[in-house]
Amino acid sequence: MPHSDKLDRLKSVTSGAPQLSIGTLTGDMMHQANDIQILESEGIQLLHLDVMDGTVWPKISVGSGFLAGLKTDLLKDVHLLTSHPEKHVADFAAAGADIITVQIEQCDDVAATLTSIREAGCLASAGIYPTTPIEELLPYLDLCDVVFLLSIGPDTGKQTYFDVVADRISQLRDAKPELVLAIDGAVKKDNVGELAAMQSDLIVTGSAIFDGVDPSANIQAMTASINNQ
Ligand SMILES: O=C(CO)[C@@H](O)[C@H](O)COP(=O)(O)O
């Protein structure tokens, strides 16, 4: 699907209440197809994939081979939480990514990396940690289709920065109204309603859904909280 069709699809999906983009890697790694089927049957539109290489964040997660093996029409929202994310853009685009998010803190050249994502036919997304000044992102907004506002970072411990995210949503809406904005980090059932009130387009979550108990019930609870805002 070309870039313009992906953008149309994302805009259509996000035209109403904030949409959940859900990661399944805390689910059953031997039965990821089942977990993805749960997302589909609950009406979720986006699958979030955190790619970690053990450098910026301590864990190693999955690579492009995992993405390429997924059989789903969900929008595939890939977050490159690696060092030198520019090295991995072509690989994940070829593996079927629709959105590719790179953390601006880790890019050798932010403009070139965002441009390469669009050239690869994907939606270009810049992620920014809450402790990085927003001024470091602003010069690149023309190159972004999406911005991921992280409420946590690899160096912030358990502290969350939802107040920073709220301010950034207002600032970025003023700067570029057509941007798709995502809240990412520490989203739980008991705070998702409050976060939805900040009026992002996307809300990323994973472990609060695939918590080993009942992912369908968790999705329904989160969706109800979002829709009650
Ligand atoms: O991007 C990051 C940073 O690790 C995460 O915040 C995930 O995207 C959401 O994961 P959960 O904490 O909801 O499992």
Within the stretch 6-26, tally of residues that are crowded, with 18+ Cβ neighbours inside 10 Å and farther than 20 Å from A97 by Cα
1
When the stretch 17-57 is checked residue by residue, the ones that are small (G, A, S) and either modelled with pLDDT under 95 or in contact with a Pro (Cβ under 9 Å, 6 or more places away or on another chain) (or both) are G27
For the stretch 50-97, enumerate the residues that are among the aromatic types (F, W, Y) and buried (at least 20 other Cβ atoms within 10 Å of the Cβ).
F92
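This table checks each residue for (1) within 28 Å of I44 (Cα to Cα); (2) in contact with a Cys (Cβ under 7 Å, 6 or more places away or on another chain); (3) not hydroxyl-bearing (S, T, Y).
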| residue | (1), (2), (3) |
| --- | --- |
| S64 | yes, no, no |
| L75 | yes, no, yes |
| S83 | no, no, no |
| E86 | no, yes, yes |
| I117 | yes, no, yes |
| T131 | no, no, no |
| L141 | yes, no, yes |
| D145 | yes, no, yes |
Failed condition for G127, given (1) buried (at least 19 other Cβ atoms within 10 Å of the Cβ); (2) among the small types (G, A, S); (3) modelled with pLDDT under 95:
(3)
I60 being under 24 Å from E178 (Cα atoms) and modelled with pLDDT of 95 or more:
no
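Take Q199 and decide whether it is over 22 Å from E42 (Cβ atoms), over 15 Å from the mean Cα position of the chain (by Cα) and either surrounded by fewer than 19 Cβ atoms within 10 Å (Cβ to Cβ) or of a type in the set (D, E) (or both). Step through it out loud before you land on a result.
Values: over 22 Å from E42 (Cβ atoms): yes; over 15 Å from the mean Cα position of the chain (by Cα): yes; either surrounded by fewer than 19 Cβ atoms within 10 Å (Cβ to Cβ) or of a type in the set (D, E) (or both): yes.
The answer is yes for Q199.
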Across the stretch 84-112, what is the total count of residues that are within 18 Å of I134 (Cα to Cα) and either of a type in the set (D, E) or more than 15 Å from the chain's Cα centre (by Cα) (or both)?
7
Kindly establish whether Q220 is at positive phi, in contact (Cβ under 8 Å) with a residue 40 or more places away in the chain and more than 16 Å from the ligand (Cβ to nearest atom).
no
Under 6 Å by Cβ, and 6 or more places apart or on different chains, what pairs join a residue from the stretch 188-207 that is closer than 19 Å to Q171 by Cα with one that is within 11 Å of the ligand (Cβ to nearest atom) and in a loop (DSSP other than H, G, I, E, B)?
I203/V187
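The values are calculated or read from the model by the stated rules, or taken from the named source; none is laboratory data. This one's a predicted model, so the numbers in the text were calculated from it and none came from an experiment. So basically every Cβ, Gly included, is an ideal-geometry build from the backbone, and we count neighbours across all protein chains shown.
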